[in-house]
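First the structure, in the form of structure tokens, and then the observations on it.
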Amino acid sequence: MRHHPSIMSDWMLLGLIAVLVVLLLLTIFAFAVYSGLFTEVVVSAGSPPVGSITLAYKFRVGPYGESGQLFTDGCSISSKLCSIGVYYDNPHTVSPEKCRFAIGRILSEGDAKPSEEQIRRFQKYGFKIFTFPTPSHVVMASFPFTTPLSIHLAVNRVHPALDTYIKERKLCAHPRIEIYKEDRIYFVCPLARQGDFYVPEMKELERKSRAAAEAEDTQTDITGADTMSETSSISIEATTDSRDTSVATSVLLPFPTSRGREEADNRSEHSYSESGASGSSFEELDLEAAADGEGTPGLLLTSGYGESQELTDKWTKEPIAAERGEE
């Protein structure tokens with residue numbers, strides 16, 4: 001009988017621990033739900049209700065995981081402004097050290113002008129100032145931004161949905177922009193004039209990449225001519241025709257040769273779609289959005305990382321003619 005109270009106290013302690021574990025699990029589950037665990041991801045396309053954006057940004061080449069520090073840098077300068085991230089490369093097909101991105105804060109939207117004081121403050125800490133024009137047509141989605149967990153949920157849920165939508169409709173939508181505004185994360189993928197959303201550092205890298213590729217092609221031509229100098233003119237003509245065909249193919253296919261991924265990483269814009277020319281028209285997208293009623297109000301933003309290799313391999317393409325002209 002002396003041991004009976006001790007046994008009872010042990011059972012009470014175990015029961016209390018079990019209750020605490022259940023409460024902890026319920027709290028974690030509620031936290032995940034509040035962060036957007038079961039939020040439906042709706043992707044649509046059309047004309048977004050967003051104007052031009054003037055941003056203060058820092059450009060980096062490297063793993064996207066390093067973007068966190070840049071977000072922190074911007075918040076430390078001004079906690080009241082909205083954050084923005086622009087991602088130019090598909091991390092599934094581009095090695096982490098070659099990924100290019102710009103992170104910063106939105107200084108003003110639409111017709112509003114940023115204050116000179118804000119501009120000076122950000123420039124003091126190494127930020128650059130740039131303006132994105134009003135997107136004419138975009139692929140868009142949004143996700144709750146209630147906790148830090150919301151960011152991870154958005155990456156794993158919104159991006160695959162964007163990839164699927166873009167692939168099924170054969171659209172050309174890039175780069176991927178993320179805007180963190182109040183309690184929502186907005187995703188926007190421009191469908192036209194994508195070069196306008198390239199910050200100056202990104203444009204310069206693209207120019208150097210294309211120049212290097214052209215120099216390599218020229219060197220290949222010279223080497224080929226020397227090698228075939230003793231062959232007949234018929235052989236030269238046939239080889240020239242073959243080369244023209246291969247060049248044309250390289251524009252259409254993401255990875256045309258055994259060097260495919262490496263060349264694509266270094267040479268071209270890394271878009272998030274298969275083809276712009278074969279995509280649905282903007283008018284069709286507008287009608288679709290109106291019929292489905294899936295339009296998302298407010299700012300819109302995109303950042304998608306496809307799950308299948310087949311899908312992500314088609315994010316890389318050669319610059320479209322319009323973008324070459326703009327640059």
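Numbers below:
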quantity: Neighbours by Cβ (under 6 Å, 6+ apart or cross-chain): first from the range 77-88, within 28 Å of Gln194 (Cβ to Cβ); second open to solvent by 20 Å² or more (accessible area, probe 1.4 Å) and hydrophobic (A, V, I, L, M, F, W, C); calculated: Ser83/Phe71
quantity: Residue selected from the range 133-157 under the condition within 19 Å of His174 (Cβ to Cβ) and among the hydroxyl-bearing types (Ser, Thr, Tyr), by the criterion surrounded by the most Cβ atoms within 10 Å (Cβ to Cβ); calculated: Ser142
quantity: The range 31-71, subset over 19 Å from Lys181 (Cα atoms) and among the β-branched types (Val, Ile, Thr), residue modelled with the lowest pLDDT; calculated: Val33
quantity: Failed condition for Val86, given (1) modelled with pLDDT of 90 or more; (2) crowded, with 17+ Cβ neighbours inside 10 Å; (3) part of a helix (DSSP H, G or I); calculated: (3)
quantity: Residues within the range 60-78 that are part of a helix (DSSP H, G or I) and either open to solvent by less than 50 Å² (accessible area, probe 1.4 Å) or of a type in the set (Phe, Trp, Tyr) (or both), tallied; calculated: 8
quantity: Residue under evaluation Arg120, criteria (1) assigned to a helix (DSSP H, G or I); (2) surrounded by 18 or more Cβ atoms within 10 Å (Cβ to Cβ), criterion not met; calculated: (2)
quantity: Any hit, the range 33-48, residues being free of Cβ contacts under 8 Å to residues at least 60 places away in the same chain and not hydrophobic (A, V, I, L, M, F, W, C); calculated: yes
quantity: Filter result for Ser209 (outside any helix (DSSP H, G or I) and in contact with a Lys or Arg (Cβ under 6 Å, 6 or more places away or on another chain)); calculated: no
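Yes/no per residue for (1) part of a helix (DSSP H, G or I); (2) crowded, with 17+ Cβ neighbours inside 10 Å; (3) within 12 Å of the chain's Cα centre (by Cα):
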{"site": "Asn90", "(1), (2), (3)": "no, yes, yes"}
{"site": "Thr93", "(1), (2), (3)": "no, yes, no"}
{"site": "Phe101", "(1), (2), (3)": "no, yes, yes"}
{"site": "Arg105", "(1), (2), (3)": "no, yes, no"}
{"site": "Ala112", "(1), (2), (3)": "no, no, no"}
{"site": "Thr131", "(1), (2), (3)": "no, no, no"}
{"site": "His159", "(1), (2), (3)": "yes, yes, yes"}
{"site": "Leu162", "(1), (2), (3)": "yes, yes, yes"}
{"site": "Tyr165", "(1), (2), (3)": "yes, yes, no"}
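The values are calculated or read from the model by the stated rules, or taken from the named source; none is laboratory data. This one's a predicted model, so the numbers in the text were calculated from it and none came from an experiment. Positions of Cβ are backbone-derived with ideal geometry, glycine not excepted, and every protein chain shown enters the neighbour counts. Just the protein is used for accessible areas: all its heavy atoms, side chains included, with ligands, DNA and RNA removed. Shrake-Rupley method; radii C 1.70, N 1.55, O 1.52, S 1.80 Å.
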